[in-house]
Amino acid sequence: MKDIEAKSLLKKNWGVEAQISALPSERDINFKITGKKNYVLKIYPKVDASLKIKLNLQNRVLKFLEDNKVNTSPAVVPTKSKKLLINPSKNSAARLLTFHEGTAWGVKGEHTGEEIEQLGRLIATVDKNLNSMKISKEERKSLDASFIWNMLQAEKLLAWSSKIADSKVQAVVDKTLNNYKKNVLPKLKQMPMQVIHNDGNDYNIIEDKDKLVLIDFGDMIYAPKVVGAAVAAAYVGLKSNDPVKQIAQFVRGYHSVNPLSLDEIAIFIELVKVRLASSVANAALQRSNNPDNDYLSISQKDVPDCLIALDKFDSYFTLFRLRNAIGLEANPNAKAVRDYLLVTKPANLLDKSFSDLKRVYINWSFDNPEIARSTKEIEDLMAKSGAQVTIGYYCENRNVYQGEAFNPAADSARTFHLGVDVGMPAGTPIYAPLDGVIEIFNNNSTHLDYGPVVILRHKTDQEVPFWTLYGHLSIDSMPDWKVGKEIKAGGLIGRMGKEEENVGWPPHTHFQLLTDLCGMGIDIYGVAPRDEIALWRGISLNPNLILGIESGTDAHAKISPASIKSDRRVVISQNLSLNFKNPVNILAGSGAYLFDEKGKSYLDLVNNVAHVGHGHPRVVAAAAAQMSVLNTNTRYLHQTVVEYGKAITSSMPDPLSVIFFVNSGSEANDLAIRL
């Protein structure tokens, strides 16, 4: 249809006179209408009975969302005669939608974790609302019709995957689709189904400042909600060298609005891969049929690379990231390992128990301006304190690493230490705390790496595997190592290396407790990215479960407010709301003021304000004294409870004489309403 014909159609049916310009489209004809209000005029040149049902359903879905106050998608604009769909000619149809200004998601090079979570919440909000929408048998039949973008029919794509030009990419597509057909589709068909959008690709998401809009409902199908979630998630990591991280961020946002089950999480990444494989296969098919349509290749520069990256990514590590995204401990085996170690008495790592050694802690954190870093500085510290062994903290945010991956300016810098460092003179023997088998070893000789390092595999009484890692050992320890060699608890593993063997570190052993090697082998992270601490805490457990150092080893280093906010969405109930658009990270209070992580003060006028100020020394002392004697509830007789109640009621006017002790103002209001 020409512009002049579209203008005439617009004026005649909607009474709109405005500028008109063509928009790209895969199947129909689209025009942008620019005037007092902006619209999209969608024209369908060939409409049969089946397509008419689909178009009317699209209109009904958009109206349903609008009526449910889900203002995240276009609205259908009725004609002057109140029609939502018209027939300009016998076999054509047209409708008018509101146009949302902004930029397509795919145009922007990178997105923050918060933006990706926001996208997840958008898709989840649409899915959650559409779950309650009832459809007719006729509409259901149209949604189930043969369609190359219906994931429930993805096995059909194997018929034309041979059209993919790159043999390497074709092999991954075929592998993905065959695995889906055999192992995933049967599970998917057992899940509840509903109407889903099914096309949240990077050019159907419009960004308008802080708002996201989902457009183009033309690919709707009837399928489990996880399919629509996986479709949208497939596009968030297209430009990333770590797409699983972005996919997990999307899942976190989605789950916070429309929770995903463990069964859905278990197949999620495979569904993402199927969508990418479908995109590659269908683009090859469509290009062969219509080689001049550039729109058909709009995402194809990045899709094959992303699919290959996901295919190579360790499946367990992927699962751990997705579990962490929905608020679960990353490795489901972590609890079994922890429970086993809590009732197991390990052998000593050193010649003596840590309880028999005088210890001094080494602070290598960003908070310490004077880090004892060299061998001599460590020796001086030990001599001054009379210590026999140094201890370096677990989950300490460290300022001692070098290299691009450890750049402290980056949000994802690897700066959080995942082991416990045990420091003594070079040559100190290191023993196996548990029965184990050598899994892997190497001399990681790059500057500031481990030097000689060995990993032992262990198992719980329930056959659950776990690993311990020993880094910075001596080169003369290595001849005794052999993959598969058994080492009994108390058996010699090796000796601490010198600084030159440790490739730049003073003599110590990095001791780490791992529930999985995440496909990384000997290069499993010993230092975690600062924006994934909760994830790595669920993979690399606190080594003190084995070491048993009474004074503890966990630094509990501060994480960023952004990470706290993200974790909170899936750990803390949503009905516990936050104040402010950008919530404040409050760490301390004194008098009438609160203080954030940077020490900035806030006059406290909104908190449940302590009447005598935060941290009043008399109140703190009284509370500490009472808790050292008794801290229980009002179900027991206690003189102070009655005296305190009487002191309060005595300040009230008659006849008020009975008191209820409650936890907060909100609880008091709830009780007052009940009374």
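The values are calculated or read from the model by the stated rules, or taken from the named source; none is laboratory data. As the structure is a prediction and not an experimental result, all values here were calculated from the model. For neighbour counting, all protein chains shown are included, and Cβ atoms are generated from backbone atoms with ideal geometry for every residue, glycine included. With ligands, DNA and RNA removed, areas are computed over all heavy atoms of the protein, side chains included. Shrake-Rupley method; radii C 1.70, N 1.55, O 1.52, S 1.80 Å.
Among the listed pairs 245/565; 52/137; 11/46; 37/134, give every one whose C-alpha distance is greater than 20 Å. In this structure, 11/46; 37/134 lie more than 20 Å apart at Cα. Between residue 79 and residue 500, the simple spin-label model (points 7 angstrom out along Cα→Cβ) gives 8.9 nm.
May I have the convex hull volume per residue, in Å³, for the Cα set of segment 84-153?
Values: hull volume 13.9 nm³, N = 70.
Dividing the Cα hull volume of segment 84-153 by its residues yields 198 Å³.
Cα-Cα pairs above 16 Å in segment 536-596: how many percent? All intermediate terms of the calculation are to be shown ahead of the outcome.
Numbers: 1175 of 1830 pairs.
Percent of Cα pairs beyond 16 Å in segment 536-596: 64.
Straight-line cross-link reach from residue 376 at under 22 Å between alpha-carbon atoms covers these lysines, not counting any fewer than eight positions away in the same chain: 358, 384, 498.
Working note: Karplus 6.51/-1.76/1.60 with θ = phi - 60° gives segment 508-522 the couplings 5, 10, 7, 10, 9, 10, 10, 9, 6, 9, 6, x, 8, x, 5 Hz, where Gly and Pro are set to x. Working from Cα positions, state the angle (0 to 90°, nearest 10) between the long axis of helix 3-14 and the longest principal axis of the chain. So the helix axis and the longest Cα principal axis differ by about 90 degrees.
In whole angstrom, note down how far apart the Cα centers of segment 344-390 and segment 110-174 are. Here the two parts' Cα centres lie 55 Å apart. Its DSSP H runs of at least 4 residues, each contributing -39,500 (n - 2.57), put the calculated 222 nm mean residue ellipticity of the chain at -10000 deg cm²/dmol, to the nearest 500.
Which number comes out as Rg/Rh for segment 137-233 once both Rg and the Kirkwood Rh are worked out on C-alpha atoms? Show your work: numbers first, answer last.
On the way: Rg = 15.2 Å, Rh = 15.0 Å.
Rg/Rh: 1.01.
When each of the peptides 465-472, 285-292, 5-12 is scored by how many other beta carbons lie within 10 Å of its residues on average, the order from highest to lowest is 465-472, 5-12, 285-292. Against the chain, whose longest principal axis comes from its Cα atoms, helix 243-257 is set at around 80 degrees.
Sorting the segments 611-619, 247-255 by their mean number of nearby beta carbons within 10 angstrom, highest to lowest, gives 247-255, 611-619. Scan (i) -0.25; (ii) -0.35; (iii) -0.41 for the value of log10 I(q)/I(0) by the Debye sum over Cα atoms at q = 0.05 Å⁻¹ calculated from this model and give just the label. Recomputing log10 I(q)/I(0) by the Debye sum over Cα atoms at q = 0.05 Å⁻¹ here picks out (ii).
Residue 564 sits with roughly 70 Å² accessible to a 1.4 Å probe, with DNA, RNA and ligands left out of the calculation. Rounded to the nearest 10 degrees, the angle from helix 665-674 to the longest Cα principal axis of the chain is 60 degrees.
Take each of the peptides 45-51, 55-61, average the number of other beta-carbon atoms within 10 Å over its residues, and list them starting from the highest.
Working: 45-51: 12.9, 55-61: 19.7.
Answer by packing, highest mean first, reads 55-61, 45-51.
Measuring with a 1.4 Å probe in the full set of protein chains, what accessible area per residue, in whole Å², belongs to the chain? List each step's numbers first, then the result.
Details: 34600 Å² over 675 residues.
The answer is 51 Å² per residue.
Kirkwood hydrodynamic radius, computed over distinct alpha-carbon pairs, for segment 365-517: how many Å, to one decimal? Let's see the in-between values first.
Values: mean 1/r = 0.0614 Å⁻¹.
It is 16.3 Å.
Computed over segment 597-656, the P(r) curve from all C-alpha pair distances, binned at 5 Å from the origin, holds 3, 12, 14, 17, 22, 14, 10, 5, 3, 1 percent per bin.
Largest to smallest in accessible area, the residues 500, 117 fall in the order 500, 117 (1.4 Å probe, all protein chains included).
The apolar share of the surface of the chain, taken as the fraction of accessible area on carbon and sulfur atoms (1.4 Å probe, ligands and nucleic acids excluded), comes to 52 percent. Taking amide H as placed 1.01 Å from N in the peptide plane, the amide H of residue 588 sits under 5 Å from that of 595, each at least 5 places away or on another chain. Karplus-derived 3J(HN,Hα) values for segment 549-562, using 6.51 cos²θ - 1.76 cosθ + 1.60 with θ = phi - 60°, are 6, 4, 7, x, 9, 8, 6, 6, 4, 5, 9, 6, x, 5 Hz; glycine and proline are entered as x.
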